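Shown next, in structure tokens, is the structure this report addresses.
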Amino acid sequence: MVITLVVLGSGGTIPTLSRHLPAFAIQCDGELFLFDCGEGAQMQFVKAKLSFARLEGIFISHLHGDHIMGLPGLLMTMSQVPRERPLYIVGPPGIAEFVEGNRRFLGVQYPFPVEIQETSGGVLYDRNRVRIRAVPARHSCFTLAFALEEYERPGRFMIEEAVRLGVPEGPVYGKLQKGLPVTLEDGRTILPEQVLGPPRKGRRIVYATDTRPCEEVVRLAQDADLLIHDGMFDDDLRDQAHQKCHSTVVQAAQVARRAGVGQLLLTHLSSRYFSDAPLLEKARNVFPHVIMARDLLEIDVPMQP
Ligand SMILES: [Zn+2]
Ligand SMILES: [Zn+2]
């Protein structure tokens, strides 16, 4: 499976010329998952050449305007897109009223089912080799942090072992690789575990904004391949970050280091900063594998070896 993150909005609270409000798309082969839907998300969708038809679900972290104001417009556009399968919208309590109220006010009819789920955490999506879970983060209103997790993948196929067992090359290899037992012409049954190495863990991407640094996110992000974390302020504004229930770039780096993630992507950068180099330098003193999100940045998350 190809997993690609596309940053649609790397700003927060107030948009700037270069940073739209929060929205992150994760493409898993043919399916697209959207995390937050700040104002203008649908235009960013178009710029990033993403397909509305592929949108499987929209996951909203919290009900602050900068994370949800793009929903009414996006859903109006979606109502014009031919589609039969349901669209999932998941978010904290109140999301259903926001979506349904807007739909009524704007007189929109969806020609496909829209399934809205209000949640305070847990497993929210579990199909097509993708699981999405959420835990509460720590913000000024109830906020969810999400983990998108690829299912565990079967272990490596050990050809030498297959040859030693006399398994004939061909379609039988494919069946065993998919985890299915096969019966050979001589009547012997070969089990997948005889020719496969240990199962390989799936990739994980964690999305945690807006939030103060917190244990819940450290646990959720444990060993994640990619952590997208609130990095709204420089570290000299630590008090302000605390008061406003956000994180500094250094605090985000500390979360990444403690969770042992592969890469940290800082986001929700305050509109007061024109250059991100000094912020990155401070973060890199704590955790080296850090980059700053920017609009339309694409990150491929490679398969685990
Ligand atoms: Zn925000
Ligand atoms: Zn917020």
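The values are calculated or read from the model by the stated rules, or taken from the named source; none is laboratory data. Predicted model, so just to flag it, every value in this text is computed and none were measured. Positions of Cβ are generated from backbone atoms using ideal geometry, with glycine treated the same way; all protein chains shown enter the neighbour counts. Keep in mind that these areas ignore ligands, DNA and RNA; they rest on the heavy atoms of the full protein, side chains included. Shrake-Rupley method; radii C 1.70, N 1.55, O 1.52, S 1.80 Å.
Okay, here's what the table says:
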{"quantity": "Qualifying residue in the stretch 252-273 (condition: more than 16 Å from ligand 2 (Cβ to nearest atom), open to solvent by 20 Å² or more (accessible area, probe 1.4 Å) and either within 17 Å of the chain's Cα centre (by Cα) or closer than 22 Å to ALA48 by Cα (or both))", "calculated": "yes"}
{"quantity": "Unique residue being away from ligand 2 (no atom under 16 Å from the Cβ) and either modelled with pLDDT of 95 or more or within 18 Å of ILE132 (Cβ to Cβ) (or both) when the list is GLU39, GLU56", "calculated": "GLU56"}
{"quantity": "Counted residues, the stretch 156-168 - those being in contact with a helix residue (DSSP H, G or I) (Cβ under 8 Å, 6 or more places away or on another chain) and in a loop (DSSP other than H, G, I, E, B)", "calculated": "3"}
{"quantity": "Test for HIS64: is it buried (at least 17 other Cβ atoms within 10 Å of the Cβ) and within 14 Å of ligand 2 (Cβ to nearest atom)", "calculated": "yes"}
{"quantity": "Among residues of the stretch 1-19, those that are farther than 14 Å from MET292 by Cα and within 16 Å of ligand 2 (Cβ to nearest atom), counted", "calculated": "3"}
{"quantity": "Residue, nearest to LEU34 (Cα to Cα), within the stretch 160-172, restricted to residues that are in contact (Cβ under 8 Å) with a residue 12 or more places away in the chain and surrounded by fewer than 16 Cβ atoms within 10 Å (Cβ to Cβ)", "calculated": "GLU161"}
{"quantity": "Residue within the stretch 84-95 that is within 28 Å of ASP295 (Cα to Cα), of a type in the set (Asp, Glu) and assigned by TED's automatic domain parsing to the domain that holds ASP295 present", "calculated": "no"}
{"quantity": "Selected residue (only one of LEU50, LEU55, LEU17, LEU21 is aliphatic (A, V, I, L, M), in contact with a Gly (Cβ under 9 Å, 6 or more places away or on another chain) and in the same structural domain as LEU227 (by TED's automatic domain parsing))", "calculated": "LEU21"}
{"quantity": "Enumeration of residues in the stretch 210-251 that are open to solvent by less than 10 Å² (accessible area, probe 1.4 Å), within 16 Å of ligand 2 (Cβ to nearest atom) and not in a loop (DSSP other than H, G, I, E, B)", "calculated": "VAL217, ILE228, HIS229, ASP230, PHE233, ALA241, THR248"}
{"quantity": "Filter result for VAL206 (touching a residue at least 60 places away in the same chain (Cβ under 8 Å), in contact with a helix residue (DSSP H, G or I) (Cβ under 7 Å, 6 or more places away or on another chain), open to solvent by less than 10 Å² (accessible area, probe 1.4 Å) and not acidic (Asp, Glu))", "calculated": "yes"}
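Yes/no matrix, rows are residues, columns are (1) within 16 Å of ligand 2 (Cβ to nearest atom); (2) closer than 18 Å to SER51 by Cα; (3) loosely packed, with under 15 Cβ neighbours inside 10 Å; (4) among the charged types (D, E, K, R):
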{"residue": "MET76", "(1), (2), (3), (4)": "no, yes, no, no"}
{"residue": "ARG83", "(1), (2), (3), (4)": "no, yes, no, yes"}
{"residue": "PRO113", "(1), (2), (3), (4)": "no, no, yes, no"}
{"residue": "GLY121", "(1), (2), (3), (4)": "no, no, no, no"}
{"residue": "VAL130", "(1), (2), (3), (4)": "no, no, no, no"}
{"residue": "GLU149", "(1), (2), (3), (4)": "no, no, no, yes"}
{"residue": "ARG156", "(1), (2), (3), (4)": "no, no, yes, yes"}
